[in-house]
Amino acid sequence: MKARVFVTLKPGVLDPQGKAIHHALEGLGFAGVNDVRAGKLIELDLADGTGDADVEAMCQKLLANTVIENYRIERL
Amino acid sequence: MKSAVIVFPGSNCDRDLAVAIEQVTGRAPAMVWHRETELPDGTALVGLPGGFSYGDYLRTGAISARSPVMDAVARAAARGTPVLGVCNGFQVLTEAGLLPGALMRNAGLNFVCREVALTVGSAATAFTGGFEAGATIRLPVAHHDGNYFADDDTLDRLEGEGRIAFRYAEPVNGSARDIAGIVSERGNVLGMMPHPERAVEPAHGGTDGRRLFEALLERVGA
């Protein structure tokens, strides 16, 4: 069983990395981008019996910093 | 004064911090590995050093903040023991929830490594009694993730309660309200990005950091 955790910056939190990527895209001539936000993808290979509540707790305790980040869990 | 400096894998200012504490207090701190679950009896000051613990993986300070020793640090903080987190130590304190907010990538994306001017925000903490509020001091900074972020309510509360210990007096990293260091609600936990331990003797180019350690010694007693 696998799960994917997407960690993204909350709206309104400045993302200098996203801004730099946006700037680089513009430098390559890609003019059709309004904004860029960079995040993280964390893939978990879960042991049998590891439930949604466990993954939720992992996100809350370590994988995301909920002061600045949101997370979304996708079970595969 | 008995003190302890916590050592995480990847700390690199732990010895500098220990030397500064020993020079001012006359007593070498215990170096406490992050796997320990207790601080030495009678520890009256805890230092969390700068560095790149766990290679800054996941988020700066995130993995260190979940080390076994951090439960002991949290208990000491709850008892009112002064806890000083410098640079990566500040990042660890926010990740551990001992200080509000978070430290993000510098707004300019550059690693900033130079001496900067700071304004002392509050002189009424265990750490800043050697300064006058509003005074300008100079300390070195060396960080990539020092851009302090918190929501507006938290920032208003920090300002209202006089918990902003130091502000940048010049543009450095994009920090909200120029915050360089904040203290906890009780005032006994200080997190700061600038390095006071790198400014304790004239050969360092300045001694403004020394006054922070002297104020601590005065507060805690020898």
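The values are calculated or read from the model by the stated rules, or taken from the named source; none is laboratory data. This is a predicted model, so every value here is computed, not measured. Cβ sites come from the backbone with ideal geometry, for glycine too, and all protein chains shown count toward neighbours.
Return the pair list, or none, for Cβ contacts closer than 7 Å from residues in region B:55-83 that are within 11 Å of chain A (Cβ to nearest Cβ) to residues that are aromatic (Phe, Trp, Tyr) and assigned to a helix (DSSP H, G or I), at least 6 apart or on different chains.
Partner pairs satisfying both residue conditions: B:Ile63/B:Tyr54.
Can you pull out the residues in region B:187-222 that are in contact with a helix residue (DSSP H, G or I) (Cβ under 8 Å, 6 or more places away or on another chain), over 20 Å from B:Val112 (Cβ atoms) and of a type in the set (D, E, K, R)?
B:Glu201, B:Arg210, B:Glu214
For region B:89-115, enumerate the residues that are under 16 Å from the mean Cα position of the chain (by Cα) and more than 10 Å from chain A (Cβ to nearest Cβ).
Residues satisfying the conditions are B:Gly89, B:Phe90, B:Gln91, B:Val92, B:Leu93, B:Ala96, B:Leu98, B:Leu99.
Being among the small types (Gly, Ala, Ser), within 15 Å of the chain's Cα centre (by Cα) and under 21 Å from B:Val92 (Cβ atoms): is that true of B:Ala126 here? Even if it seems obvious, please write down each step before you answer.
Details: among the small types (Gly, Ala, Ser): yes; within 15 Å of the chain's Cα centre (by Cα): yes; under 21 Å from B:Val92 (Cβ atoms): yes.
Taking the combined requirement at face value, the residue satisfies it.
All but one of (1) assigned to a loop (DSSP other than H, G, I, E, B); (2) among the hydrophobic types (A, V, I, L, M, F, W, C); (3) more than 21 Å from B:Glu22 (Cβ to Cβ) hold for B:Ala165; which doesn't?
(1)
With the structure loaded, tell me whether B:Arg138 is within 14 Å of chain A (Cβ to nearest Cβ) and in contact with a helix residue (DSSP H, G or I) (Cβ under 6 Å, 6 or more places away or on another chain) or whether it fails that test.
On the way: within 14 Å of chain A (Cβ to nearest Cβ): no; in contact with a helix residue (DSSP H, G or I) (Cβ under 6 Å, 6 or more places away or on another chain): yes.
For B:Arg138, the condition - within 14 Å of chain A (Cβ to nearest Cβ) and in contact with a helix residue (DSSP H, G or I) (Cβ under 6 Å, 6 or more places away or on another chain) - is not met.
Hey, does region B:51-70 have a residue that's under 23 Å from B:Arg219 (Cβ atoms) and hydrophobic (A, V, I, L, M, F, W, C)? Spell out how you get there, then give the answer.
We begin by selecting, within region B:51-70, every residue under 23 Å from B:Arg219 (Cβ atoms); these are none.
No, every residue in region B:51-70 fails to be under 23 Å from B:Arg219 (Cβ atoms) and hydrophobic (A, V, I, L, M, F, W, C).
Restricting attention to region A:29-44, does a residue exist that is of a type in the set (Lys, Arg), in contact with a Leu (Cβ under 7 Å, 6 or more places away or on another chain) and more than 14 Å from chain B (Cβ to nearest Cβ)? So that I can check it myself, show each step before the final result.
Within region A:29-44, the subset of a type in the set (Lys, Arg) is A:37, A:40.
Narrowing the set further to residues that are in contact with a Leu (Cβ under 7 Å, 6 or more places away or on another chain) leaves A:37.
Then keep just the ones that are more than 14 Å from chain B (Cβ to nearest Cβ); that gives none.
Within region A:29-44, none of the residues are of a type in the set (Lys, Arg), in contact with a Leu (Cβ under 7 Å, 6 or more places away or on another chain) and more than 14 Å from chain B (Cβ to nearest Cβ).
Give region B:21-72 a look and list any residue that's of a type in the set (A, V, I, L, M) and outside any helix (DSSP H, G or I), or say none.
Within region B:21-72, the subset of a type in the set (A, V, I, L, M) is B:21, B:24, B:28, B:30-32, B:39, B:44-46, B:48, B:58, B:62-63, B:65, B:69-70, B:72.
B:Ala28, B:Ala30, B:Met31, B:Val32, B:Leu39, B:Ala44, B:Leu45, B:Val46, B:Leu48, B:Leu58, B:Ala62, B:Ile63, listed by residue number.
Residues of region A:45-76 being away from every other protein chain (no Cβ under 14 Å), β-branched (Val, Ile, Thr) and part of a loop (DSSP other than H, G, I, E, B), which ones? It would help to see each step written out before you state the result.
Of region A:45-76, the ones away from every other protein chain (no Cβ under 14 Å) are A:45-56, A:72-76.
Among the residues that remain, those that are also β-branched (Val, Ile, Thr) are: A:50, A:55, A:73.
A:Thr50 - this is the single residue of region A:45-76 that is away from every other protein chain (no Cβ under 14 Å), β-branched (Val, Ile, Thr) and part of a loop (DSSP other than H, G, I, E, B).
So B:Thr25 ticks every box in (1) under 17 Å from the mean Cα position of the chain (by Cα); (2) over 25 Å from B:Gly146 (Cβ atoms) but one. Which box is left unticked?
All conditions are met except number (1).
With the checklist (1) out of contact with any Gly (no Cβ under 6 Å at 6 or more places or on another chain); (2) under 22 Å from B:Leu103 (Cβ atoms) in hand, flag the one item A:Leu25 doesn't pass.
Checking A:Leu25 against (1) out of contact with any Gly (no Cβ under 6 Å at 6 or more places or on another chain); (2) under 22 Å from B:Leu103 (Cβ atoms), the one that fails is (2).
When you go through (1) exposed (fewer than 15 other Cβ atoms within 10 Å of the Cβ); (2) assigned to a loop (DSSP other than H, G, I, E, B); (3) among the hydrophobic types (A, V, I, L, M, F, W, C) one by one for A:Val13, which number turns out not to apply?
(1)
So, in region B:107-131, exactly how many residues are modelled with pLDDT under 95, out of contact with any Lys or Arg (no Cβ under 9 Å at 6 or more places or on another chain) and surrounded by fewer than 16 Cβ atoms within 10 Å (Cβ to Cβ)?
Residues meeting the conditions: 3.
Which condition number does A:Lys2 fail, the rest of (1) surrounded by 13 or more Cβ atoms within 10 Å (Cβ to Cβ); (2) more than 25 Å from B:Ser67 (Cα to Cα); (3) charged (D, E, K, R) being met?
The one condition A:Lys2 does not meet is (1).
Only one of (1) of a type outside the set (Ser, Thr, Tyr); (2) under 23 Å from A:Leu14 (Cβ atoms); (3) in contact with a His (Cβ under 7 Å, 6 or more places away or on another chain) is not met by B:Val86, so which one is it?
Failing condition for B:Val86: (2).
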